[in-house]
Amino acid sequence: MPPVPPLELPIVLLIAAAGFFAGVQNALAGGGSFITFPALLLAGLNPLAANMTSTIAMFPSQTTSAVAGRKLVGDVGALSFKQLFMISVVGGVLGALLLLNTPVSFFARLVPWLVLFATSMFAWGSFRRKPLHAVSGMPTWVLVLVQSCIAVYGGYFGGGIGFLMLAALTIAGQQVRMATATKNMLAMAMNAAATVIFATSKLISWPAALALCVGGIAGGLCGSWLIHRLPEKIMRGFVVLVGALLTVWMFVR
């Protein structure tokens, strides 16, 4: 692997700005890694280093967003939040170990399809005439399976996990505001597990990680403030719009 390149001040400032927007996006809808990952690639990091650096750097902002919205977190039918949290931790560990032993290209090719599917499901669940939380949700075993797969993917690459969890949680019966807070806590669990594993890697660019971290914390606080104040229709529209733009960008890329 090539050495981690040094970063000049203008690049560091741009990375910090990318971290801010990613922090806001993660708090509201997810998909912040689609901002940080390309930014780190443009800064000269190789894909593996960019992926690990992004995961470590955005963990503090994800924690900030998750803790700020913790009062909105809830269970999903017979499945408690604690059970979902543990599934996310275990899956995050498995995904991180998988990343260290396999190339990232395979999962990266799946990202556009995963985001397209998740955005479509969330749009259908949010804007259909009869709200999803008014009907019977998905079976508990299906939610366990879906969350397990998302958690492994989250520890491995993580792009689009917010959309995937929002789709799963709303279809399972949570309202969008609660689902947003719940997915923030679960994303934090996945990334905490991955961060512990990645932190010892020599591929991490710590100047880039610090810049992303500072910007991400500020963005996470801003996004958490918006969660409590934006009307649900605006939140749903924001999620679908960002998902559509990310899907087009990923396919074009």
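State the dimensionless ratio Rg/Rh of the stretch 166-253 (Rg: radius of gyration of Cα atoms; Rh: Kirkwood radius).
1.02
Rolling a 1.4 angstrom probe over the protein heavy atoms, how many square angstrom per residue are accessible across the chain?
Details: 11340 Å² over 253 residues.
Here the residues of the chain average 45 Å² of exposed surface.
Over the chain, DSSP H runs of length four or greater, each weighted -39,500 (n - 2.57), average out per residue to a 222 nm ellipticity of -26000 deg cm²/dmol.
For the chain, the longest principal axis of the Cα atoms and the long axis of helix 232-252 meet at an angle of about 50 degrees. Projected onto its three principal axes, the C-alpha set of the stretch 41-126 covers 43, 30, 24 Å, listed from the longest axis down.
On the protein heavy atoms, probe 1.4 angstrom, tell me the percent of accessible surface of the chain carried by carbon and sulfur. Don't skip to the end; give the middle numbers.
Numbers: 8310 of 11340 Å².
Here carbon and sulfur together make up 73 percent of the probe-accessible area.
The chain: D in µm²/s via Stokes-Einstein (Kirkwood Rh, Cα pairs, 25 °C, 0.890 mPa s)?
Working: Rh = 17.7 Å.
This corresponds to a translational diffusion coefficient of 138 µm²/s.
The values are calculated or read from the model by the stated rules, or taken from the named source; none is laboratory data. For clarity, every value in this text was computed on a predicted model and none was experimentally measured. Note: accessible area is taken over every heavy atom of the protein model, side chains too, but ligands, DNA and RNA are not part of it. Shrake-Rupley method; radii C 1.70, N 1.55, O 1.52, S 1.80 Å.
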